[in-house]
Amino acid sequence: MSTIQRSGFALLFLALLLFSGANADAASAPGTIETIAGGAAGDGGSATNATLREPHAIAVSAAGDLYILDSSRCRIRGVVEGIITNVAGTGICATSADGSAAATSPVAPSDMEMGPDGSLYFTEALPEGPVSCRVRRIVAGLLTTVAGNGNCGAPTEGAAATGTAVAYPTMLAVDGAGAVYVAGLSDCRVWKFAAGVVTRVAGGRACGVQFDADPRVALITPVAIAIDASGSNLYIAENDFFQACRIRRVAGGVMSLFAGEGRCGGSPDGTPPLTARIHPLDIAVGSTGDVFIAGFCTVRRISGGILGTSATCDPAAPGSPPYRADLFPEVLTVRGSGDVWLADFQTCRVMHVGAASVPVVAGNGYCGFFGGDGAPAVYATLNSPRGVAVDDAGTVYIADTSNCRIRKVVGGVITTIAGNACGTGTLPLPAVGVAIPATYGAVLPVSIAATSAGDIYLLDENACRLRKVSGGAITTLAGGSICGWSISDGMAAAASQFPGVAGVAVASDETVYVSAACQIWSIALGVVHLVAGTGSCTSSGDGGAATSAGLNVPLGLAYHNGDLYIAERGACRIRLVRAGIITTVAGHPSGTLCGFGGDGGSATDGLLDQPTNVALDAAGTLYIGDKGNCRVRKVKAAKISTFAGNGICGFGGDGGLASMASLDSLAALRVLAVTADTFGEVYIADEGNDRIRAVRPAALCAAVMRADVNGDAKVNILDLSTIAHHYGELIPPAPARYDQNADGKINIFDLSIPAGVYGKTLAAACP
């Protein structure tokens, strides 16, 4: 893309921002957003401390640099001298245009290979949403298309490589001349893209295990393909649901059996390949033509017509090959004649087969779900965090739900304070009132609240209980040993059973409020009281007693100065209980209209979509986790606006304006109050992105001053055009002053910052 094209696109984008109502409420999005815990997965640090999630392919350059397809994160990562970085992808599974910078653009890779020139090839298999089935290549850090027009389907033989569909490509091979071979599990054919033209080289019209010498008639069930450097020998590994385990070879237009007698297994070294039992999950070809096979706990090698073992989990294997007890290779690649690297799906690690051992070179063994305790929180891994809370000291607490832990962040460092691992801990469950060590008991936290002193109240989906963490111990306050419906007004908390638990809030006197099924209960001094809801999951009752009102899937709660706010997801509105009377304060009062709209107008004229959580700052400003819109909405002086999120569900925007960021599956909100007349930092449990993110108003002034790139004490069209001119350029050569979010690049997020304060003087924007 030329500089002129970049500038034009940037100005168009800015025009859209300025005319889309982004500044309808100048105070609605004054903060910048950043990740404070989770999501980083270790980039910039030691590769062996990083987390991987389903490493689906690996490649190694001639210099020994390692590349890993981190498939569940839709990223390609590189390891150079032991340090891991991001090479392609943003964490959003989507496609990007040719010419886009790979490291900052969404991709959806399914397989990857190193080309003969050292460039990376990968297949893009995205059959839903923005459909894209293509073969892409990264050249000088930019994305290009090698094959496919984006449509998913059988290629047209003889068509131009970039002018035809590709059949959901999940397997990729590249020969020494740069010819690309592609196969898919659902297509059961192998296609070749060379000299800009596509041809079919193997497979018939249906999947199967029949054999025919004509490769274009034979029916195959491929799980992996490999090509030698000359392009003369194509190998196809078959594994039909752990049956028909074979490797076939296509050479000179003829298909033949290369290895495997059909039944899956592990024959001894020295067995003739044609009569051996193998279990191929992936294959690779060395520079001398040897074929390597990844299969369960071994790496096998066929050399000179002899079956051997390169690495094993069997300590008694003949010949004493390199041994590792936890070896489970499902992906491998070979550099040179026999330098083997493999990916282990069981522990999400990448290993290098050495002469006497198999050391780990990337991955911490947690499969991208749990890790990072004792280290900076931004290097930690969270798994579906559904709650976040903050105490008066600024300590952030996280309900790391699918990791079955409560974690805290102090001074930027994360630790676990409750829970150990899912499904473990004390059994049977401790009785109500019995304290046990907090890190010994099993928890499944779905919502948390913190007191000013740092005690934590949590709703535990294990048996639907309300529990408290204090002084290193955890105690059950309400709920039984199982989920059930045995609760009534005035009942002893110790005898109660909740049918389900969703949201929790705590008052200054430590009265606790719980949303359970379609009612709200309070627990104080060991007694349960009904606060709102009849138990009928329909929305009704505005203007009347809260206990006579219907609530349709109430989730998150917030307590503020005697008022209780309820996120009523099923009715797409926020209800308020004040002095026992219930009303609607945001969303359509009918409880029947859902969607997005109304920013800048009355909060009860605005539309919400599946609101899940609420929070308030010290001044009484209401924040709403508008999950269905992937936004955080704000209600101040009865007016609604967007506080964070651009409505595009996914991840993006760290370092820029919160209103321009992408969020996904908002699970919780918490606000750190500062004074009575201003708000502090807003914390967001961004569940879909496995992150806790913070909106920091204090960072705005510095961002605005940087936006004044021409130094005239105003942010105006001249500043925007200057930045647009440098759109997409790295620093250097573009002056660092243009880098609004200080990420080393001039990109779309830099443009959003001056757009957010367009037309203001610095005095107005930074009082």
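The values are calculated or read from the model by the stated rules, or taken from the named source; none is laboratory data. Since the structure is predicted, the reported quantities are computational estimates derived from the model, not experimental observations. Neighbour counts are summed over all protein chains in view; Cβ atoms, including those assigned to glycine, are modelled from backbone coordinates with ideal geometry. Note: accessible area is taken over every heavy atom of the protein model, side chains too, but ligands, DNA and RNA are not part of it. Shrake-Rupley method; radii C 1.70, N 1.55, O 1.52, S 1.80 Å.
Only one of the values (i) 31.6; (ii) 28.4; (iii) 36.5 was calculated from this structure for Kirkwood radius over Cα pairs in Å; name its label.
Here the calculated entry is (ii).
Of Phe498, Phe328, which has the most accessible area with a 1.4 Å probe, and how do the rest follow in descending order?
Largest to smallest exposure gives the sequence Phe328, Phe498.
Can you sort Arg335, Arg573 by 1.4 Å-probe accessible area, starting with the largest?
Output order, biggest surface exposure first: Arg335, Arg573.
Which whole-number percentage describes the relative contact order of the chain, with Cα contacts under 8 Å and a sequence gap of 6 or more?
Across the chain, relative contact order equals 9 percent.
Could you check how much of the accessible area of the chain is carbon and sulfur, as a whole percent, using a 1.4 Å probe?
Here it works out to 56 percent.
Quick check: residue separation of Phe345 and Ile581 times 0.36 nm, minus the Cα distance between them. What number comes out in nm?
So the chain would gain 79.5 nm between Phe345 and Ile581.
Taking 7 Å along the Cα-to-C-beta vector as the label spot, tell me the Phe296-Arg216 distance in nanometres, rounded to one decimal.
Simple spin-label model gives 3.9 nm for this pair.
Can you tell which of Val254, Ala140, Thr221 lies farthest toward the positive end of the dipole of segment 125-279, using +1 and -1 charges on the Cβ of basic and acidic side chains (Lys, Arg; Asp, Glu)?
About the Cα centre, the residue reaching furthest to the positive side is Ala140.
Measure out, as a whole number of angstrom, how far apart the alpha-carbon centroids of segment 473-542 and segment 99-115 sit.
49
Cut-off 18 Å, label point 7 angstrom out along Cα-to-Cβ of Leu142: give me the residues of segment 87-112 whose amide nitrogen falls inside.
Inside the label zone: 88-89, 96-107.
Over the Cα atoms of segment 597-650, each weighted equally, I'd like the Debye log10 I(q)/I(0) at q = 0.26 Å⁻¹, rounded to two decimals.
Results for segment 597-650 at q = 0.26 Å⁻¹ read -1.02.
What relative contact order, as a whole-number percentage, does segment 272-363 give when Cα pairs under 8 Å and 6 or more residues apart are counted?
Relative contact order here is 22 percent.
Please give the length that would be gained between Ala637 and Ala159 if that part of the chain were fully extended, namely 0.36 nm times their separation in residues minus their C-alpha to C-alpha distance (nm, one decimal).
Roughly 165.9 nm would be gained on extension.
Take Tyr559, Tyr181 and sort them by solvent-accessible surface of the protein heavy atoms, 1.4 Å probe, largest at the top.
Working: Tyr559 80, Tyr181 10 Å².
The ranking, largest first, comes out as Tyr559, Tyr181.
I'd like the FRET efficiency for Ser46 and Asp563, computed as 1/(1 + (r/R0)^6) with the beta carbon distance as r and R0 of 45 Å, rounded to 0.05.
Plugging the Cβ-Cβ distance into 1/(1 + (r/R0)^6) gives 0.40.
Count the lysine pairs in the chain that are 8 or more places apart or on different chains: how many have C-alpha atoms under 27 angstrom apart?
11
Magnitude of the Cβ-charge dipole of the chain, K/R +1 and D/E -1, about the Cα centre, nearest 20 debye?
For this selection, approximately 480 debye.
Can you show me the helix-derived [θ] at 222 nm for the chain, built from DSSP H runs with n ≥ 4 at -39,500 (n - 2.57) apiece and divided by the number of residues, rounded to the nearest 500.
-2000 deg cm²/dmol
With a cut-off of 14 Å, note down the residues of segment 449-492 whose backbone N falls inside the zone around a label point 7 Å from the Cα of Ala435 toward its beta carbon.
Only 455-456, 468-477 pass the distance filter.
Using the basic label-point model (7 angstrom from Cα toward the beta carbon), what is the Val131 to Ser470 distance in nanometres?
Distance between label points: 5.9 nm.
How far apart, in nanometres, would the label points at Asp314 and Ser590 be if each is projected 7 angstrom from Cα along the Cα-to-Cβ direction?
7.1
Please sort through the DSSP H helices of the chain and keep those with an alpha-carbon extent of at least 20 Å along the long axis and a Kyte-Doolittle average not below 0.5.
The qualifying helices are 3-19.
How much accessible surface does Tyr366 have with a 1.4 Å probe, in Å² rounded to 10?
110
Can you give the accessible area of Lys639 in Å² (nearest 10), computed on protein heavy atoms with a 1.4 Å probe?
Around 100 Å² of this residue is reachable by solvent.
For segment 355-487, what is the charge dipole size about the Cα centre, in debye to the nearest 20, if Lys and Arg each add +1 at the Cβ and Asp and Glu each add -1 at the Cβ?
Dipole of segment 355-487, to the nearest 20 debye: 140 debye.
Would you calculate the convex hull of the Cα atoms in segment 192-335 and tell me its volume per residue in Å³?
Cα convex hull per residue, to the nearest whole number: 112 Å³.
At a probe size of 1.4 Å, how large is the accessible area of Asp326, to the nearest 10 Å²?
60
So what's Rg/Rh here for segment 46-125, counting alpha carbon atoms and using the Kirkwood radius for Rh?
Numbers: Rg = 11.8 Å, Rh = 12.5 Å.
Answer for segment 46-125: 0.94.
In whole angstrom, how far apart do the alpha carbon centroids of segment 630-662 and segment 297-367 sit?
Cα centroid of segment 630-662 versus Cα centroid of segment 297-367: 47 Å apart.
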